[in-house]
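Structure record follows, encoded as structure tokens.
The values are calculated or read from the model by the stated rules, or taken from the named source; none is laboratory data. Since the model is a prediction, treat every value here as computed from it, not as a measurement. Using ideal geometry, Cβ is built from the backbone for each residue, glycine included, and neighbour counts are taken over all protein chains shown.
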Amino acid sequence: MTTPYRNDHLSASRGRVGNRYYLMTPDTMVENTLPGLPEYAAVVLAAPQGSPARFGQYLLKLAAGAASALPLGASFENFLIVLEGEVMVASPEEGAEWALGDGGYLFLPEGRSFSLAARTAARLLWVKKRYLAVDGVEAPPVVTGRLSEVAGADDESIDGSWGRLLPGDQRFDLAMNIMRFRGGARFRMVEIHHQEHGLYLLEGGGVYHLDGDHLDVQQDDFIYMAPYCTQAFTATGSGPSAYLLYKDVNRDGF
């Protein structure tokens, strides 16, 4: 006697949507076609449509030789970081181009569009948001760097270290931080604050406390946290864990 086929995807997946957060796991991520990009090259991780998010975050997967067909990021400030592979990024407004390899990143202020061309098969994250200007505060400059060169400052409150990919001064209304944890490390407090987060887990895993729930998180997961979502992390296992964290900063929410 054969056993009837049963669809267990929903019961088996770690993906979750809560009131103040959602967790996207690789098995729940849907590839989309976006203007100017190759077909089904983008996973929309965060966007204002259907969520409180005031920013966009995308996981892009490009085949070797693939390129954008239209200017990207116009009217937004944009941050790009390569997870693997090598990508050429060019900005006509800057009159410059950059070769970004594994861990290479680039921040372009509002008013600069860009194009992408993959030298190899590549995966990268793209974050965009509308800039919140403040009278008397200069606009931020172009920033480029490499994740492996970002120094980490020890932080007892998270039992690990964190490092800034972008300067922390008031010209910037967003932060991109690398959070690193030793095996067994944990937050020393449950945080509640008015900023929102986009979190991409680069390595390792653990348990994330989100709005009263405790969720198993692993490499390549994405978490969106709305303002005032309770949050804390415990790294499980003996190896290190790390995640890349978007946060709106230097503005009071008005």
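Applying the condition of being surrounded by 15 or more Cβ atoms within 10 Å (Cβ to Cβ) and hydroxyl-bearing (Ser, Thr, Tyr) to the range 229-254 and asking which residue is farthest from the chain's Cα centre (by Cα) yields 236. Scanning the range 102-121 for residues that are among the small types (Gly, Ala, Ser) and either within 16 Å of the chain's Cα centre (by Cα) or closer than 21 Å to residue 175 by Cα (or both) yields 103, 104, 111, 113. Within the range 68-89, being surrounded by fewer than 16 Cβ atoms within 10 Å (Cβ to Cβ) and part of a strand (DSSP E or B) holds for 84, 88. Output the residue which, of all residues in the range 153-165 that are in a loop (DSSP other than H, G, I, E, B) and over 18 Å from the mean Cα position of the chain (by Cα), is nearest to residue 80 (Cα to Cα). So the residue we want is 158.
Would you say residue 94 is out of contact with any strand residue (DSSP E or B) (no Cβ under 6 Å at 6 or more places or on another chain), among the acidic types (Asp, Glu) and not in a strand (DSSP E or B)? Even if it seems obvious, please write down each step before you answer.
On the way: out of contact with any strand residue (DSSP E or B) (no Cβ under 6 Å at 6 or more places or on another chain): yes; among the acidic types (Asp, Glu): yes; not in a strand (DSSP E or B): yes.
When the stated conditions are applied, residue 94 passes them.
Here residue 168 does not fit the description of being assigned to a strand (DSSP E or B) and among the small types (Gly, Ala, Ser).
Output the residues belonging to the range 5-55 that are in a helix (DSSP H, G or I) and either modelled with pLDDT of 95 or more or surrounded by 15 or more Cβ atoms within 10 Å (Cβ to Cβ) (or both). Residues satisfying the conditions are 26, 27, 28.
Condition check ((1) within 20 Å of residue 109 (Cβ to Cβ); (2) more than 17 Å from the chain's Cα centre (by Cα); (3) of a type outside the set (Phe, Trp, Tyr)) across all residues:
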| site | (1), (2), (3) |
| --- | --- |
| 24 | no, no, yes |
| 27 | no, yes, yes |
| 39 | no, yes, yes |
| 46 | no, no, yes |
| 52 | no, no, yes |
| 59 | no, no, yes |
| 80 | yes, no, yes |
| 89 | yes, yes, yes |
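Contact map, the range 181-204: residues that are within 27 Å of residue 129 (Cβ to Cβ) paired with residues that are aromatic (Phe, Trp, Tyr) and surrounded by fewer than 17 Cβ atoms within 10 Å (Cβ to Cβ), Cβ distance under 8 Å, separation 6+ or inter-chain. Pairs shown: 192/228; 193/228; 194/228.
Tell me, which residue of the range 133-176 that is of a type in the set (A, V, I, L, M) and surrounded by fewer than 17 Cβ atoms within 10 Å (Cβ to Cβ) is nearest to residue 190 (Cα to Cα)?
Selected residue: 153.
For the range 121-152, a residue qualifies if it is of a type outside the set (Val, Ile, Thr), more than 23 Å from residue 197 (Cβ to Cβ) and in a loop (DSSP other than H, G, I, E, B), and the qualifying residues are 121, 135, 136, 138, 139, 141. Residues in the range 194-228 that are more than 12 Å from the chain's Cα centre (by Cα), among the hydroxyl-bearing types (Ser, Thr, Tyr) and surrounded by 21 or more Cβ atoms within 10 Å (Cβ to Cβ): 208 only. Cβ-Cβ distances below 6 Å connect the following pairs, each with a first residue in the range 64-85 that is within 23 Å of residue 176 (Cα to Cα), a second residue that is among the polar types (S, T, N, Q), and a separation of six or more residues or different chains: 73/113; 74/113; 85/120. Among residues of the range 97-120 being of a type outside the set (D, E, K, R) and not in a strand (DSSP E or B), the one that is surrounded by the most Cβ atoms within 10 Å (Cβ to Cβ) is 113. On inspection, residue 192 qualifies as among the hydrophobic types (A, V, I, L, M, F, W, C) and within 26 Å of residue 56 (Cβ to Cβ).
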